1. It is to be established whether one or more residues within the range 330-351 are among the charged types (D, E, K, R) and assigned to a loop (DSSP other than H, G, I, E, B).
2. Run down VAL42, VAL52, VAL14 and say which single residue is touching a helix residue (DSSP H, G or I) at 6+ places or on another chain (Cβ under 6 Å) and of a type in the set (Val, Ile, Thr).
3. Can you pull out the residues in the range 296-328 that are in a helix (DSSP H, G or I) and surrounded by fewer than 21 Cβ atoms within 10 Å (Cβ to Cβ)?
4. Given the conditions (1) part of a helix (DSSP H, G or I); (2) more than 15 Å from VAL215 (Cβ to Cβ), report the number of the one that PHE267 does not fulfil.
5. When the residues of the range 61-76 are filtered to those that are in a strand (DSSP E or B) and among the hydrophobic types (A, V, I, L, M, F, W, C), which remaining residue is nearest to LEU280 (Cα to Cα)?
6. Which residue, of LEU108, LEU93, is under 30 Å from PRO288 (Cα atoms), out of contact with any Gly (no Cβ under 9 Å at 6 or more places or on another chain) and not assigned by TED's automatic domain parsing to the domain that holds THR315?
7. Return a yes/no flag: does the range 281-289 have any residue that is in a loop (DSSP other than H, G, I, E, B), in contact (Cβ under 8 Å) with a residue 40 or more places away in the chain and under 25 Å from LEU108 (Cβ atoms).
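The values are calculated or read from the model by the stated rules, or taken from the named source; none is laboratory data. Since the model is a prediction, treat every value here as computed from it, not as a measurement. Here the Cβ positions follow ideal geometry from the backbone for every residue, glycine too, while neighbour counts run over all protein chains shown.
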Amino acid sequence: MGVPALEAYEPESVPACAELLTRAAERKLRLGIIGGGTALGVGNPPEALDAVVVTRRLDRMVEYAPEDQVIVVEAGLTLARLQALARQHGQWLGVDAPLASNATLGGLVAVGAFGPRRARYGSIRELLLGVTLVRADGALARGGGKVVKNVAGFDLPKVVTGSLGTLGLIAEVTLRLHPLPEASVTLRLSKLSAPAVVQAMLALRAAQLEPSSVVALRDADGGFELGVRLEGFSAGVERDARRLAELQLAPAGSVLERLEPEPAASFWQRAESPRTACSLRLRVHALPSQLPEVQAWLAPLLGRLEGARFVWYATLGIGFVAGDPEAHAEVLEPFASARAAAVAAGGALLVDAAPHALRPELDAWGPVPSAFAIMRELKQRFDPERRLNPGRFVGGL
């Protein structure tokens, strides 16, 4: 988180979490909450911390009903372990967030995690049925799932998703699972321009094909590779793969190919790297059709980064930029210009990670959203003393 803390705690149960936060409230301690530590750069550094609470020992499966495709786990369980448990019953959680071996379920909820398969399954927000939250005063709050009434009228699962630990400690989560796909096929188009990526995306939509992922990865020449992943029952996947090939998506000079499993895995690993590699990592939001404009906004910034990478979730309008600044001061102006252009177009440019020297110069969020008054009221209701990750969220909440 970039802020020193004097004490660290690793509670081993939900009651222990409640007791710990009760004692912390009595001592007026400012707490940082950490899961697997895979997204500590998201948001601004907390203003100050007296202690951190690490949830990785909360790693038990509480309840699993395969026939209902619902699982309840403690928040410190990693995504990889949950997938292994579900796989035994032919199921999985449709959130392909990076760093699954370390990312905890509570942490994924706290950051509102998603991967390229969000196009099919949604983000963790859509798959979160219920949550147990330890409030700043140590009291337990439960919402969603099998609970008849939410706490104080709030839809608690939706409220805490993406809140970065500023409203409470996520202790347990209830999640909706899906059947494992019977087959998976990746088709790749190479040497595409940004407008060609948009046209390919529109053609897929017009043909009513429903790929689980459509991702454009910037190549060394400034063009794009476009990966289209089809998943589901074998017969349906093969039918859709044939239909996709018949759409003639590849313009002159580009190539459409069906990838074997190993090259397909390599493509998706490379597409994930802008979310995990390099010291500066940014996230851009825009309309899916705005990729040419996004590319223009980012070009000066990408030119100032060593090992610059850019991946675009073509059906979602979300992109990830990564690289290592050649000189920290030189990225400030192109970053500010790119953010201003994104905001003017109704989008956003967010900071997911940055070198320590750059952190004071880069606000992670940019302009506060129109819903900021509601966010501030929620913070007041859940953490009136501002002791949980103070200052990390939008607008210094």
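1. No, that holds for no residue.
2. Of the residues listed, the single one that is touching a helix residue (DSSP H, G or I) at 6+ places or on another chain (Cβ under 6 Å) and of a type in the set (Val, Ile, Thr) is VAL42.
3. Residues of the range 296-328 that are in a helix (DSSP H, G or I), as a first pass: 296-302, 328.
Scanning the range 296-328 gives ALA296, ALA299, PRO300, LEU302, HIS328.
4. (2)
5. So the first thing to find is which residues in the range 61-76 are in a strand (DSSP E or B), and the list is 61-65, 70-74.
If we keep only those that are among the hydrophobic types (A, V, I, L, M, F, W, C) as well, we get 61-62, 65, 70-73.
On the way: MET61: 35, VAL62: 38, ALA65: 41, VAL70: 37, ILE71: 35, VAL72: 35, VAL73: 33 Å.
Out of the qualifying residues, it is VAL73.
6. On the way: LEU108 fails: out of contact with any Gly (no Cβ under 9 Å at 6 or more places or on another chain).
Exactly one of LEU108, LEU93 is under 30 Å from PRO288 (Cα atoms), out of contact with any Gly (no Cβ under 9 Å at 6 or more places or on another chain) and not assigned by TED's automatic domain parsing to the domain that holds THR315, namely LEU93.
7. So in the range 281-289, the residues in a loop (DSSP other than H, G, I, E, B) come out as 286-287.
From what is left, the residues that are in contact (Cβ under 8 Å) with a residue 40 or more places away in the chain are 286-287.
Among the residues that remain, those that are also under 25 Å from LEU108 (Cβ atoms) are: 286.
There is at least one residue in the range 281-289 that is in a loop (DSSP other than H, G, I, E, B), in contact (Cβ under 8 Å) with a residue 40 or more places away in the chain and under 25 Å from LEU108 (Cβ atoms).
Residue-by-condition table, conditions (1) modelled with pLDDT under 95; (2) over 16 Å from VAL311 (Cβ atoms):
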site	(1), (2)
SER184	no, yes
LEU189	yes, no
ALA196	yes, yes
ALA203	yes, yes
GLN208	yes, yes
ALA216	no, no
GLY222	yes, no
VAL228	no, no
GLU231	no, yes
